[in-house]
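Student: I have a structure I would like to understand better, so I am pasting it below and will then ask my questions one at a time.
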Amino acid sequence: MRINQRAESSNIRTKIKMDRLGMLVFLVLGTIFTLYPSADARMRALPLPRQLKECYVRAQNFTTVNYVGGLYCWYCETPVRSFIKGAPQPLKPQQYAYYRDLYSKVDPATRSGFRGKRQASRCLRKEYRMLTDEERFRFHGAVNALKADTTVEPNKYDALALFHTGVATFVAHGGPGFPGWHRIYLLLFEAALQEMDPTVCVPYWDSSMDTALEHPDQSYIWSNDFFGSWEGEVVAGPFANWQTPEGMGLRRSVGRDGQLFTRESIEAIMSRNTYEEILMPDQDPQYSLEFHHGGTHVFVGGDMERLDTAAFDVIFFLHHAFVDYIWEMFRDKMRNNDLNPEQYPTVGEVSDYHLASAPMGFGNITHAEGYLNALKDSYEYQPAPECSQLNPDCGSKYLWCNVTLARCIPIDPLDPPIVEVGPDPHPAHCPFTKPQSYQNSFCLNGVCDVSQWVWVPVKIVAQRPPEFNDYHSYPVTNGKVSTTDIYEPSSYIDTRRYIKTDKPKPRAYEHCENKDGVGKIFVSSNGVNYDGSYKESAIIDQRLATSIGVTYIAVKDPGVKGVTEVILRAHDQCGRICHTACKIPGSNPSRFEACSGVVEITPDYPRQYGQTYASATLDVYDYASNSDCPSFKTDEFFVTFYCDYRDHLPWVEKPVNTFPGAPPIVVRPTPIVRPASNAGQCRLSSECTINYPCMKAAPTSSPRQCSKEMDMKACMGNCQRYAVCIYGVYWPRKCQSGMSFDELKGRCVRGLCPAQAVTRPSGPFRPRPGTSWAQTHRPSAFGTGSYYGGLINRFGLGKR
């Protein structure tokens, strides 16, 4: 009896203790949830930073039906990293001496000598595949010699590559200074190469030839004979095992995302007549040289995808040599139109970095001086490979002629050239399947380690893409098979109310196809208050009217008391933008509203990120409660990406009156049409008029002079001159001495022309006001002093 009483008394005391403990736990939890009323307390949506908002607003009058929205995001958001890096490190004596020596080779010592110094032998820049085997080996050797020369820290190649980092990217990008800055940068690189081998010139990579392949990432240019490795770290080819200044191996992710130059994009640029039409910031992106150049950065991926690290890959210089080639073609067109290519353009409102008088950072040279013809005195371009049915030879064993398209195409990687090249007698490896992975560097503020990152789960809601209508599974009614597939949302009244299928189609990458219904959504993070980025993809079922995917984005670990600010973005495999939605604070069940995608993350509890990928996964899938079939915890998502294929960027107002019906309303300068003897003639230059209309305008495309590539026309009254159609424009050409143009054969043949004057168009011709060739420019030269010193002076970071 006493035992039972003692036991009962003990149980009562234990119960009282447990009740007190429970009350204590309740009070503690109550305090916690009072301090943190919801899971939203440590993730918060922020507005767009000012510079990003300004960039997006510039595009609000232009529909994404005409340009790829994902590339415009790259154009606007990639330079944000440069704000974080700020001013470069002070120069060491050997760096200062090296840069000064390069300047002296590129530019004469006096500004008055800038126009007078013309080399007796100009450097001939060829397309990469048009180099002879010896020329290519010499180029590779000179580049690797720069990389191996550590007399300048960290080595001569990387010392040059570091020019294209930090605040310098704002001087080089985002305005009319873009082409001139990179022209001078290429001259410095060429001078550095010639220190190693005087015979070497910078080749250019005409990536539009690779775009003609069904899978451009399988071009022979990614063999060991050319660029080498295309996936992950570069471990094969002439640039194998390169290390970047961050201590990482050089990385590429070729073909996962982005788009190379296309013939159409170059034709769009060449359809314009003035600099104001092709240079950012306030012109239609579909005509912008800088906008289209970004697609190649994204296509190569890896280090090339970030402006701060792009120049660490030698592809950067070959790509920008092609950009310079296109710019020079445009300048030639201006000359033929009696416009002055040396006149620095006025393009709306530009930043102070891109004013005509703003210094580039190369000594004292200004952006306006980057447009001077004298900068091209030391080099010229060999025309890109051409072929036709009459002349099917591309001039390189690495190219073949598609006579139907009249285009030179890279050889099939499955059929490498018979003649062995290089020291390795074995055929080089080329990709034969579409790569799926994406190698990140996990570099954060210069330190590369995954432990500095945390993982944020994100949800993706995607509608069926507008072009996907080829799923061959159909409902059957009364024995009859329907003509629309079973998942087509327009087939059902209920889904038709919410999912519109008759909306306009945003522009996609040229080679983007989806026939099997397996879709990919790229997600990315870019630090706002830290220097780091991350990119991954999620797989979704695009057969369905609406599908859901889940993935995880790595961002900077906020630490114990820190704050992480980051931009989160998503687009599909075709470059079409998904808009961002953030959880409404306190909503239960969770509801979402449109947001900028800029998010603030703090370490406060309860957290909505995982310290590792594993912990983030377990936060989303509740294995602890039921490991046999874990439940899906939808409240763990703060950010959802909605891919609904809009015709405008989601962070600005929709363009007015663009759809449905009428094409986009874009104010464009009237094309310059030269006076001719009649409407059927076109004056191409002072020495060539062809018996053909100047312009063929179409309501749905850019006006073009010609549509048949390599079509040739004789110049009237001069049998030695002719015009050839390239990129939608007729270009005047001249036969060699002792030869004349045979229009029937479509080529120059031996034989002298009868002496006759050039037939000129009737009627007076006057150049446009303000564009006379007699227009004066003050002399130019690279000033003395260092690049970095110029930058520091420019941005007020030191004494002038």
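Student: For ASP284, which of the numbered conditions (1) more than 24 Å from the chain's Cα centre (by Cα); (2) at pLDDT 90 or above fails to hold?
Tutor: Condition (1) is where ASP284 drops out.
Student: Here is a further query. Looking at TYR325, is it under 26 Å from GLU510 (Cβ atoms) and part of a helix (DSSP H, G or I)? Spell out how you get there, then give the answer.
Tutor: Working: under 26 Å from GLU510 (Cβ atoms): yes; part of a helix (DSSP H, G or I): yes.
Taking the combined requirement at face value, the residue satisfies it.
Student: Of ARG576, ARG607, which residue is surrounded by 16 or more Cβ atoms within 10 Å (Cβ to Cβ), more than 32 Å from the chain's Cα centre (by Cα) and not aliphatic (A, V, I, L, M)?
Tutor: Working: ARG576 fails: more than 32 Å from the chain's Cα centre (by Cα).
Matching residue, one of ARG576, ARG607: ARG607.
Student: Here is a further query. Those residues that are touching a Gly at 6+ places or on another chain (Cβ under 7 Å) and farther than 26 Å from TYR99 by Cβ, I need them from the stretch 361-387; list them, please.
Tutor: Across the stretch 361-387, the qualifying residue is only PRO385.
Student: Tally the residues that are over 12 Å from VAL458 (Cα atoms) and surrounded by fewer than 24 Cβ atoms within 10 Å (Cβ to Cβ), restricting the search to the stretch 549-565.
Tutor: Looking only at that region, the number is 8.
Student: Let me ask something else about it. Search the stretch 197-207 for residues being of a type outside the set (Phe, Trp, Tyr) and touching a Leu at 6+ places or on another chain (Cβ under 7 Å), and hand back the single one that is nearest to LEU399 (Cα to Cα).
Tutor: Let us first name the residues in the stretch 197-207 that are of a type outside the set (Phe, Trp, Tyr), namely 197-203, 206-207.
From the residues that got through so far, the ones that are touching a Leu at 6+ places or on another chain (Cβ under 7 Å) too are 200-203, 207.
On the way: VAL200: 22, CYS201: 21, VAL202: 20, PRO203: 16, SER207: 13 Å.
Step by step, filter the stretch 197-207, then rank; the result is SER207.
Student: Could you grab me the full set of residues in the stretch 458-481 that are in contact (Cβ under 8 Å) with a residue 24 or more places away in the chain and surrounded by fewer than 16 Cβ atoms within 10 Å (Cβ to Cβ)?
Tutor: Step one: filter the stretch 458-481 for residues in contact (Cβ under 8 Å) with a residue 24 or more places away in the chain, giving 458-468, 470-471.
GLU467, ASP470 - these are the residues of the stretch 458-481 that are in contact (Cβ under 8 Å) with a residue 24 or more places away in the chain and surrounded by fewer than 16 Cβ atoms within 10 Å (Cβ to Cβ).
Student: Let me ask you something else. Looking at (1) in contact with a helix residue (DSSP H, G or I) (Cβ under 8 Å, 6 or more places away or on another chain); (2) outside any helix (DSSP H, G or I); (3) crowded, with 23+ Cβ neighbours inside 10 Å; (4) in contact (Cβ under 8 Å) with a residue 60 or more places away in the chain, which is the one condition that is false for GLU342?
Tutor: That leaves (3) as the condition not met.
Student: If ASP393 satisfies every condition in (1) modelled with pLDDT under 95; (2) under 25 Å from the mean Cα position of the chain (by Cα) but one, which is the exception?
Tutor: (2)
Student: Name the residues in the stretch 155-205 that are touching a Pro at 6+ places or on another chain (Cβ under 9 Å), small (Gly, Ala, Ser) and under 14 Å from ALA311 (Cβ atoms), would you?
Tutor: Matches in the stretch 155-205: ALA161, GLY166, ALA168.
Student: Something else now. Mind counting the residues in the stretch 496-527 that are crowded, with 17+ Cβ neighbours inside 10 Å and in a strand (DSSP E or B)?
Tutor: Matching residues across the stretch 496-527 total 9.
Student: Which of the following residues is buried (at least 19 other Cβ atoms within 10 Å of the Cβ) and either touching an Asp or Glu at 6+ places or on another chain (Cβ under 7 Å) or without any contact (Cβ under 8 Å) to a residue 24 or more places away in the chain (or both): ALA310, ALA368?
Tutor: Numbers: ALA368 fails: either touching an Asp or Glu at 6+ places or on another chain (Cβ under 7 Å) or without any contact (Cβ under 8 Å) to a residue 24 or more places away in the chain (or both).
Of ALA310, ALA368, the one residue that is buried (at least 19 other Cβ atoms within 10 Å of the Cβ) and either touching an Asp or Glu at 6+ places or on another chain (Cβ under 7 Å) or without any contact (Cβ under 8 Å) to a residue 24 or more places away in the chain (or both) is ALA310.
The values are calculated or read from the model by the stated rules, or taken from the named source; none is laboratory data. Please read these numbers as outputs of a predicted model, since none were measured by experiment. Note that each Cβ is placed from the backbone with ideal geometry, even for glycine, and that neighbours are counted across all protein chains shown.
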